[in-house]
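The values are calculated or read from the model by the stated rules, or taken from the named source; none is laboratory data. Because the structure is predicted, anything quoted here is derived from the model rather than measured. Note that each Cβ is placed from the backbone with ideal geometry, even for glycine, and that neighbours are counted across all protein chains shown. Accessible surface areas use protein heavy atoms only, side chains included; no ligands, DNA or RNA. Shrake-Rupley method; radii C 1.70, N 1.55, O 1.52, S 1.80 Å.
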Amino acid sequence: MELNPLPAEIILNHPHATIGHLSLPWNPQPGSYLEVDGQTYRVLERRHRYQLRSGRYQLHKIALYVQPCEAVTEGSLFDGKWVIGDCTCRYNARSELLRCAVNPSGPCDRCPHYRAVGSEE
């Protein structure tokens, strides 16, 4: 099934501001990446906007709440999904959105807080 291009409003999460309107041929999920005017953004949330037409609600556009980020260069495969950072670390969030609790901006290599999963400390 081929998706029709869907109008999307791209909204910066903080400070809250619309940064553009795009027509996307795919349906971005939270955790995916999007490039707008040469800047890479991570999708945090997706909201659907509907319009009443002929007595029925139809999907009109989507609103994507994003945050700027560097393109992810480090990641791990964990339970069949790609997560940010090193999933062998006890503090890794095992998430597509957040790296870890103690060093969320990374990078993981040479992190002084690294603790292997299962290590006693």
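Of the residues that make up region 85-106, is at least one farther than 20 Å from residue 6 by Cα, out of contact with any His (no Cβ under 8 Å at 6 or more places or on another chain), free of Cβ contacts under 8 Å to residues at least 60 places away in the same chain and of a type in the set (Asp, Glu)? Yes, that holds for at least one residue.
Of the residues making up region 25-44, those that are without any contact (Cβ under 8 Å) to a residue 24 or more places away in the chain and within 22 Å of residue 96 (Cα to Cα) are 25, 26, 29, 35, 38, 43.
Can you pull out every residue in region 52-80 that is of a type in the set (Ser, Thr, Tyr), open to solvent by 60 Å² or more (accessible area, probe 1.4 Å) and at pLDDT 70 or above? Passing the criteria: 54, 57.
Scanning region 5-21 for residues that are open to solvent by 60 Å² or more (accessible area, probe 1.4 Å), in contact (Cβ under 8 Å) with a residue 12 or more places away in the chain and in a strand (DSSP E or B) turns up 7, 21.
Scanning region 81-104 for residues that are in a strand (DSSP E or B), hydrophobic (A, V, I, L, M, F, W, C) and open to solvent by less than 60 Å² (accessible area, probe 1.4 Å) yields 83, 84, 89, 100.
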